[in-house]
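Chemist: Pasting in a structure now, in structure tokens, and then I'll have a few things to ask.
Values quoted throughout were computed directly from the atomic coordinates according to the rules given, and no laboratory measurement underlies them. Note that the structure is a prediction, hence the values are computed from the model and not measured. With ideal geometry, Cβ positions are generated from the backbone for all residues, glycine too; neighbour counts draw on all protein chains shown.
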Amino acid sequence: MNKATGNLIGLIVLTIGAAVIMVTTALGVGWIGSGTTRKTQVLPVPPTPVAVIQAERQHIEITDNYAGMLRPYERYALGFEIAGRLEALGVNDQREPLDDGDYVKAGQEIARLDQRLLQVQRREALARLEQAQGDMNRAKDLRARSPGAMTDAEFQKNVTNLHLAEAAEQTAVERLRDSVLVAPVAGVISKRLANVGETVNANQKIFEIIEVDRMLLVVGVPESRVGEVRVGQPVHIEFLARDKFGQRPAPMHGSVYLVAQSADDRTGLFEIEIVVPNDDRQLRPGLVATGRIVIDTLDGFRLPSVTAVNRDGKMLLFSVDKDRKARSLELDRWVTQGSDLILPDLPAEHRTVVVRGQHRLIDGREVVVRETNPQGTEVLQADISLPNEKAGARP
């Protein structure tokens, strides 16, 4: 055998030996002395630390959140029914002529036309009425004393003259009343469009008044959600504006007033009008707010939304049983609302819910329960009441 052949045979033997050692090592078998073997030690999996809460059934509102802007409850464009010269404006609480921003009460006089000619016309109409009434009374007396002294045509003429006089007097009264402009509702003057001394035409707009004792929050709702909104549903309202100290106005409560029957051509959304009380008149048109429309209520369970674990397309919830083992529950019905997970029902054995550490769990894994103290750091909870573990526990 030459030297090259010997080297090749030696290399093959070494390779076979190395392969045998690798296989025996992988199988956990070692060589000790003459044929003695031992298996490698498998370390136990330590308990997984988790934080839990006790889920309690509670009354829960299911809401949809939308942002919108405040508008006046109603706008009124006010003018005189007749033409004339603007003689005077009403006055505000400071006895000054009404102007933009002034608050007016329902029925308050806000403007008046020159009434001199109207007063003359009324007196003339009243005199004609008195004359017609006198003629009518005399006709009745004459007919009563001598039925043939007056024809039916003459008597009917007196009746007609009386009716015409009454109508003329009523017209004069109405024209005099129309020369005074009053506020139909309590509100704020948003625009004053005429000055004292100007001649105005009939139905020319003199004031624009907005009703602000109640306001409308107008929000846009997409087609997919508008079917759940109905008139009368309660709404929780929060305002986005802040004062100089960074404080927002206190939240308010309103209700759905109107649901649009067609979508807006520009936005494609359905406008929802929400009535907001404004008795103190602190709210103003143009403020931005969010409205949480209560579309449903239920008695269920509210959990942090991070509690659920998504695995292979399934939503799982982990709880801790009396043996301190993790137990999974596949969710089939739930609603995510903000940072909350809303469940209509939760079995009693799954109400010790894992809210931290759940992503490291599998069904049946042993856990050690931790809790969060007021300082925000985790501490070991030595004893926690688990279902069926001690007297008084939830069944």
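Chemist: Among the trypsin sites (Lys or Arg not before Pro) within the stretch 60-117, which fall in a DSSP loop and have no more than 13 other Cβ atoms within 10 Å of their own Cβ? Numbers along the way, then the final one.
Modeler: Values: sites: Arg75, Arg85, Arg95, Lys105, Arg112, Arg116; in loops: Arg95, Lys105.
Of the trypsin sites (Lys or Arg not before Pro), the ones in loops of the stretch 60-117 whose Cβ has at most 13 other Cβ atoms within 10 Å are Arg95, Lys105.
Chemist: For a protection proxy built on the mean count of beta-carbon atoms within 10 angstrom, sort 232-238, 282-288 highest first, please.
Modeler: Details: 232-238: 17.1, 282-288: 14.4.
By packing density, highest mean first, the sequence is 232-238, 282-288.
Chemist: Please list the non-local residues whose amide H lies under 5 Å from the amide H of Val91, H modeled 1.01 Å from N, same-chain partners needing a gap of 5 or more.
Modeler: Excluding prolines and chain starts, which carry no amide H, the hits are Leu98.
Chemist: Something else: Go through the stretch 183-192 residue by residue and turn each phi into a ³J(HN,Hα) via Karplus (6.51, -1.76, 1.60, θ = phi - 60°); whole Hz please, and just put x for glycine and proline.
Modeler: Values per residue, Gly and Pro as x: 6, x, 9, 6, x, 10, 6, 8, 8, 10 Hz.
Chemist: Just to confirm the filter: which trypsin sites (Lys or Arg not before Pro) across the stretch 264-365 are DSSP coil and have at most 11 other Cβ within 10 angstrom of their Cβ?
Modeler: Details: sites: Arg266, Arg281, Arg292, Arg302, Arg311, Lys314, Lys322, Arg324, Lys325, Arg327, Arg333, Arg351, Arg356, Arg360, Arg365; in loops: Arg266, Arg281, Lys322, Arg324, Arg333, Arg351, Arg365.
Listed in order of number, the matching sites are Arg266, Arg333.
Chemist: Taking θ = phi - 60°, what integer Hz values does the Karplus form 6.51 cos²θ - 1.76 cosθ + 1.60 yield along the stretch 96-105, in sequence order, with x for Gly and Pro?
Modeler: 9, x, 4, 8, 4, x, 6, 8, 10, 9
Chemist: Using Cα pairs under 8 angstrom and six or more residues apart, how large is the relative contact order of the stretch 77-200, in percent?
Modeler: Values: 158 pairs, mean separation 60.7, N = 124.
This gives 49 percent for the stretch 77-200.
Chemist: If only Cα atoms are counted, what is the Rg of the stretch 77-200, and what is its Dmax, in Å?
Modeler: Expressed in Å, the Cα Rg and Dmax of the stretch 77-200 come to 21.8, 70.
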